[in-house]
1. Taking the range 1-21 as the region of interest, how many residues are within 15 Å of residue 179 (Cα to Cα), within 26 Å of the chain's Cα centre (by Cα), surrounded by fewer than 22 Cβ atoms within 10 Å (Cβ to Cβ) and not polar (S, T, N, Q)?
2. Any chance the range 127-142 includes a residue that's on the phi < 0 side of the Ramachandran plot and free of Cβ contacts under 8 Å to residues at least 24 places away in the same chain?
3. Could you say whether any residue in the range 354-364 is among the hydroxyl-bearing types (Ser, Thr, Tyr) and either assigned by TED's automatic domain parsing to the domain that holds residue 307 or within 26 Å of residue 25 (Cα to Cα) (or both)?
4. Taking the criterion of being in contact (Cβ under 8 Å) with a residue 12 or more places away in the chain and in contact with a strand residue (DSSP E or B) (Cβ under 7 Å, 6 or more places away or on another chain), would at least one residue in the range 478-486 satisfy it?
5. Looking at 460, 446 in this structure, which one is crowded, with 17+ Cβ neighbours inside 10 Å and either hydrophobic (A, V, I, L, M, F, W, C) or over 23 Å from residue 263 (Cβ atoms) (or both)?
6. Scan the range 26-40 and tell me whether some residue there is in contact (Cβ under 8 Å) with a residue 60 or more places away in the chain, part of a helix (DSSP H, G or I) and out of contact with any strand residue (DSSP E or B) (no Cβ under 9 Å at 6 or more places or on another chain).
7. Determine, yes or no, whether residue 14 is outside the structural domain of residue 385 (by TED's automatic domain parsing), among the small types (Gly, Ala, Ser), touching an Asp or Glu at 6+ places or on another chain (Cβ under 7 Å) and in contact (Cβ under 8 Å) with a residue 12 or more places away in the chain.
8. Could you list all residues from the range 160-203 that are part of a helix (DSSP H, G or I), under 20 Å from residue 43 (Cβ atoms) and not aliphatic (A, V, I, L, M)?
Amino acid sequence: MTAGQWINGTARTSQSGDTLAVVNPANSAVVDDVDLAGPADVDNAVGAASAAFAEWSRVPPSIRAEALFALAEKMQAREAEYARVESEQSGKPIRLASEFDVPGSIDNAAFFAGISRQLSGSAAAEWDGEHTSTIRREPIGVVGSIAPWNYPLQMAMWKMLPAIAAGNTIVLKPSEMTPLTTLMLAEDATAAGMPDGVFNVVTGTGPVAGEALMSHPNIAMVSFTGSTRVGHRVAELATAGLKRLHLELGGKAPFLVFDDADIEAAAQGAVAGSLINTGQDCTAATRAYVHRSRYPEFVERTASLMASVVLGDTASLDTDLGPLISPDQQAKVAGMVERAIAAGATAVTGGNIPGGPLANGCYYEPTLITGADQAAEIVQEEVFGPVLAALPFDTDDEGLALANDTRYGLAASAWTTDVVRAHRASRELQAGCVWINDHIPIVSEMPHGGYKQSGFGKDMSNYSFEEYTQIKHVSTDITGVAHKEWHRTIFKNPDA
């Protein structure tokens, strides 16, 4: 059994006595057992982070950069192991884990190692002629973060890297279903020279460890990635303590195809963008709005490509699509598709739980839905599975209006060969990220975050430092005069 906690630079078993099996959703095999944190474990982790903050917040940026560069090197040396464990605990195809999740995480570490040395305020200036103003950008304190199960390693990196690079310390709770690569990360961070207590991990359930972490009085900031429903609860806990809050929540990304689009490119993009990570991606393409004149062509080609996707053993490089994370998630996706069909929609391809060799896993067929109404559950609510709903539109105004007709606003894409249309879509689509003629690619240098019920704040890029730092204005008198002119507003005769 793996110790589920990493506190003050060492692996620790929890005080709760509770344990949980980490199960591979591809075959229902137990990967490992971990012990679960209770409130006492969370308190110990926060205490360690609080003690470490005084020193870590004051070390030169070059020291923090050295630790993060060393972390990237440690991870590089274990790249294959990270990919295997990530695949086993989450059901990702090994190709996705080894070519996307792990390299992206290592690149994130290298990026923040570099950018941490460029964290600065604005230049000094005299605004009233009598004082010099400078801006200090300072760390906030101990950050309490919760990462989701869909990208366990990447989301852990997105949480810890900007926080630590900015001089904060952190207590991170991974999903109890997928904690193993986060614990590997903590081990490597310590081996890379990160001081004890700077990066702590507590593995536990949301209602127990998560709520204890979010409501802890010594947590200065809360960062959460997960569903919008749980995000509301996190916000309640954080705002009750007047904590800084960063939320990256659900999505329902539109995929807008204009009449001049390259349909082959759009169909390829729709399949890749909707099926990545088995659709368990907040930015995944979930609603394709296609100009009516191109709609039949798009549906036919997209359905054909979806039907060619290979489901199978996640350890095989030939497998394209893995399982959903759990039987509950499989049942949720299947239920949403069944209700859509019962309401009059059609599954052009897919729409079933596969049997045969895949029956022991949580697989679901890639599914293309047509004939659903704009107000339907399958169009409006987050499925978090390999399901794409396609709807036609007649005018650019209508297409953009339909794309924005959702409470979410994390990501969107527009497909067109017209530069004017492309710029209009990038301006009018209500999402934190808009792709033109592509859907999904991310880079460490650019921010990730949403509008509306998809949350607020940014992960990745130098913009993430806005979440993990606070601004201090320092004003210094440059006159040397004892009695300032403005003193007359308080007492008329300052020389008395």
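1. Qualifying residue count, the range 1-21: 4.
2. Within the range 127-142, the subset on the phi < 0 side of the Ramachandran plot is 127-128, 130-140, 142.
Then drop every residue that is not free of Cβ contacts under 8 Å to residues at least 24 places away in the same chain, which leaves 127-128.
There is at least one residue in the range 127-142 that is on the phi < 0 side of the Ramachandran plot and free of Cβ contacts under 8 Å to residues at least 24 places away in the same chain.
3. Residues of the range 354-364 that are among the hydroxyl-bearing types (Ser, Thr, Tyr), as a first pass: 363-364.
Narrowing further to those that are either assigned by TED's automatic domain parsing to the domain that holds residue 307 or within 26 Å of residue 25 (Cα to Cα) (or both): 363-364.
Yes, the range 354-364 contains at least one residue that is among the hydroxyl-bearing types (Ser, Thr, Tyr) and either assigned by TED's automatic domain parsing to the domain that holds residue 307 or within 26 Å of residue 25 (Cα to Cα) (or both).
4. yes
5. 460
6. Here is the first cut: in the range 26-40, the ones in contact (Cβ under 8 Å) with a residue 60 or more places away in the chain are 26-28, 31-32, 34-39.
Those left that are additionally part of a helix (DSSP H, G or I): 39.
Next, from what is left, pick out any that are out of contact with any strand residue (DSSP E or B) (no Cβ under 9 Å at 6 or more places or on another chain): 39.
Yes, because at least one residue in the range 26-40 is in contact (Cβ under 8 Å) with a residue 60 or more places away in the chain, part of a helix (DSSP H, G or I) and out of contact with any strand residue (DSSP E or B) (no Cβ under 9 Å at 6 or more places or on another chain).
7. yes
8. Residue satisfying the conditions is 182 alone.
The values are calculated or read from the model by the stated rules, or taken from the named source; none is laboratory data. It should be emphasised that the depicted structure is a prediction, and the values quoted were computed from it without experimental measurement. Ideal geometry is used to build each Cβ from the backbone, glycine not excepted, and the neighbour counts take in all protein chains shown.
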